[in-house]
Amino acid sequence: MGNQPDEVQEARAQGRVLTGSRVIDAIKRSGVSHVLSVPDLHTAKGLLTPIRSDPALTLIRTCKEDETFGIAAGLNYGNKRALILIQYTGFLYAMNAIRAMACEHKLPMCMMIGLLGKEPDVAPQDSAKFGVRIIEPILDILGIKRFLIDDDSCVDAISPAIEHAYSASEPVAFLIGRKPV
Amino acid sequence: MMNRKIALERLKTLINDEIVVATYSTASDWIEIFDRPLNFFSFGAMGLASSHGLGLALARPERKVLVLDGDGSLLMNLGTLVTISAAAPKNLIHMVWKNGSYEANGGHPVPHQQVDFAAMARAAGIASVYRANDPESFESAVRQALSVDGPTFIEVEIEEGPLGPRSYKEMYKASRRQRLREALNA
């Protein structure tokens, strides 16, 4: 705590921080063994960097986001759990793979989607960024359950939601609203 | 160049408990030749057969995984060669069946029919790369790929068609995928 920048300490004191290590602990508690990712500026430092060196997680770097859904499907048939870590632009890019793997095949595609540019303490639907505003409605149309992970108070929802995704064989999306620290 | 079905008949004699991931035209011929629980048919998101194969290979490192990709399909997901090279699963054999055609999409040509996929795979960092254009070179390439640590890549030059009768509904039904899951997790 003492080594953190003043603004992070202040935000933490006010309960308005999203701690990357807490998110990663929740992922690991869910039995996830593989993280499939295209780097996202929003989560690069707070999530992807520590995941890279976490011995309990295997990071598979892909060139485009639709690959992550194909790989996650293969892992699932082989009885391994995966988390897809991408930016909202990559989510939009991968729409056909999501339609096929997550919606039609009803596979437990667990997505963590960085809302790059979402303003702190502003709901996604109220963001000034068009790309951020449309993500929740698209997930709703696809019938994919979604959780906004905007600060540490939201993190406890992650592990049960992943467990449910696997037990019910259905997709789930976690929208990373605040840049994790 | 060779007929795809002749090559697939040869492939049937070379495999045992490997997982086979097939897609589109090659899948419809393969199911006719060798319908088995350890088949996975990739559909609905064209281009992702090799990604499915990579996931299966990572999940089940004790089994070889053979991906029967198409050239049109691979062109939709060329980055997969780099991803596979970096992930480096020893048990993945990625074949591209090259006939220069989006055969399953009406037989229109791919944008460029002389693409050198073997060179692309090598350039992506895949060390074991083979070419086949007749049944003998195909059998030799598959035998080598099965005997070495991967990832390996085989470019298979084939003739276009003929397309036999096919039922995508039958091929892609959920019970087939469940059968694979049960076979893998028994």
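Quick note: the coordinates plus some simple rules give every number you see, no bench work behind them. These figures come from a predicted structure and were not determined experimentally. In this analysis, Cβ positions are derived from the backbone assuming ideal geometry, glycine residues included, and neighbour counts consider all displayed protein chains.
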When the convex hull of its Cα atoms is projected in every direction, mean area for the stretch A:60-130 (nm²): 5.4 nm²
Mean separation of Cα contacts under 8 Å, 6 or more apart, over the residue count of the stretch B:16-88: relative contact order %: 39 percent
Relative compactness, the protein assembly as shown, computed as alpha-carbon Rg over 2.2 N^0.38 Å: 1.04
Dipole magnitude of the stretch A:40-181 about its Cα centre (Cβ charges: Lys, Arg +1; Asp, Glu -1), debye to nearest 20: 380 debye
Approximate spin-label separation residue B:148-residue A:49, in nm, with each point projected 7 Å along Cα-to-Cβ: 4.0 nm
Residue-averaged [θ]222 nm for chain B, counting only DSSP H segments that reach four residues, each worth -39500 (n - 2.57): -12000 deg cm²/dmol
10 Å Cβ neighbours from other chains, averaged over peptide A:27-36: 1
Efficiency of FRET from Cβ geometry, residue A:63 and residue B:1, R₀ 35 Å, rounded to 0.05: 0.70
Partner chain coverage, peptide A:98-109 - average Cβ within 10 angstrom: 2
Amide N proximity, the stretch B:122-145 versus residue B:116 label position 7 Å along Cα-to-Cβ, cut-off under 17 Å: B:122-133
Counting DSSP beta bridges with both ends in the stretch B:5-141, the antiparallel % (nearest 5): 10 percent
Size of charge dipole - the stretch A:20-80 - debye, nearest 20, with Cβ of Lys, Arg +1 and Asp, Glu -1, no other charges: 220 debye
Within-13-Å neighbourhood charge of residue A:108 [Cβ basis; K, R +1; D, E -1]: +3
Shape box of the stretch A:136-181 [Cα atoms, principal axes, largest first, Å]: 31, 24, 13
Farthest toward positive dipole pole in the protein assembly as shown [+1 Lys/Arg, -1 Asp/Glu at C-beta], among A:125, A:108, B:46: A:108
Net length gained if the chain between residue A:19 and residue A:142 were fully extended (0.36 nm per residue, minus Cα distance): 41.4 nm
Distance (nanometres) between label positions extended 7 Å along Cα→Cβ at residue A:167 and residue B:13: 5.2 nm
For chain B, size of Cβ-based charge dipole, Lys and Arg +1, Asp and Glu -1, in debye: 640 debye
Percent breakdown of C-alpha pair distances by 5 Å bin, ordered from the shortest bin, for chain A: 1, 9, 18, 23, 22, 15, 7, 3, 1, 0
Residue-averaged beta-carbon neighbours from other chains (10 angstrom radius) around A:51-62: 2
Separation in nanometres of the label points that stand 7 Å from Cα toward Cβ, at residue A:125 and residue B:90: 5.3 nm
Value of Rg/Rh across the stretch B:36-186 [Cα atoms, Kirkwood radius]: 0.95
Per-pair calculated FRET efficiency, R0 = 41 Å: residue B:123 and residue A:79 via Cβ, rounded to 0.05: 0.75
